[in-house]
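I have placed the structure first, in the form of structure tokens, so that the comments after it can refer back to it.
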Amino acid sequence: MTDSDANARVTSGSGAGAAVTTAAGPADAGLTGTPVTLLIADDDEVTRSGLRMLLAAQPGIVVVGEAADGVEAVEQARRLRPDVVLMDVRMPRCNGIEATRQLLADPAAAPKIVVITTFENDGYVTAALSAGASGFVLKRLPVRRIAEAVRVVAAGEAILFPAALRRMVAARPLGSAEALPKAALTGREEEVLRLMATGLSNPEIADALTVSLETAKTHVGNVLTKLGAQNRTHAVVIAYESGLVVPGFAG
């Protein structure tokens, strides 16, 4: 994990009422009130059992089930209705990308998805983010950081690691070049999307553009709607894959 990644912003996936923290900082979601319910999907039994034991010991998290592949992940998620699914991507029968697509097909009943991966430059991770996952974490992270990510997405936010996304997309062919023309973003909305790609929060976007916070929220919401993006992270993936933002862009 690079210094850039450690300072990644965690921002509202809806673009409204953004609560901003950092991936390394404290997160209140799940620490008060109703605990966050979690399903763990990983085909490695040792990894899965270890995650269950460690995450169940974290405050504000209740592990309600496990799945050994994507088919089980979908079945268990629909049966148990967890708040969050911690989803491995490389699994037999049905991988985490397809499982994510299936679970998010019905937004009203969909859990939040956090991809858990060994390698941050795995092309599967980018595909899962494009399918609507709210973010990703590395398996080597301390368990408190993984638990924090679970709480953050349960609170309706998205985990955005701009530096890691740049590296992942740089290794992929441009696959969504048609997305932006079809979206018909205004010039200001394209500017907002570029700022989102650097990890700026709504208040920071407002400061950068010298507009009110409400105006910035409106622009971000319009960008997500026009792109058909599941969340902020998905919008940034589209920005990179379409060529609007190129790897190496830093604002």
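At a glance:
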item: Per residue accessible area in Å² of region 64-134, where ligands, DNA and RNA are left out and the probe is 1.4 Å; result: 40
item: Burial ranking of peptide ranges 78-84, 184-190 (average Cβ count within 10 Å, highest at the top); result: 78-84, 184-190
item: Prolate/oblate/rounded label for region 104-161 (Cα gyration tensor, a/c 1.5); result: oblate
item: Modelled FRET efficiency - R0 25 Å, residue 214 with residue 190, Cβ distances, 0.05 increments; result: 0.80
item: Approximate spin-label separation residue 62-residue 93, in nm, with each point projected 7 Å along Cα-to-Cβ; result: 2.6
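The values are calculated or read from the model by the stated rules, or taken from the named source; none is laboratory data. All values reported here derive from a predicted model rather than from experimental measurement. Cβ coordinates were reconstructed from backbone atoms using ideal geometry, including for glycine residues, and neighbour counts include every protein chain displayed. We work out accessible area using only protein heavy atoms, side chains counted, and drop any ligands, DNA or RNA first. Shrake-Rupley method; radii C 1.70, N 1.55, O 1.52, S 1.80 Å.
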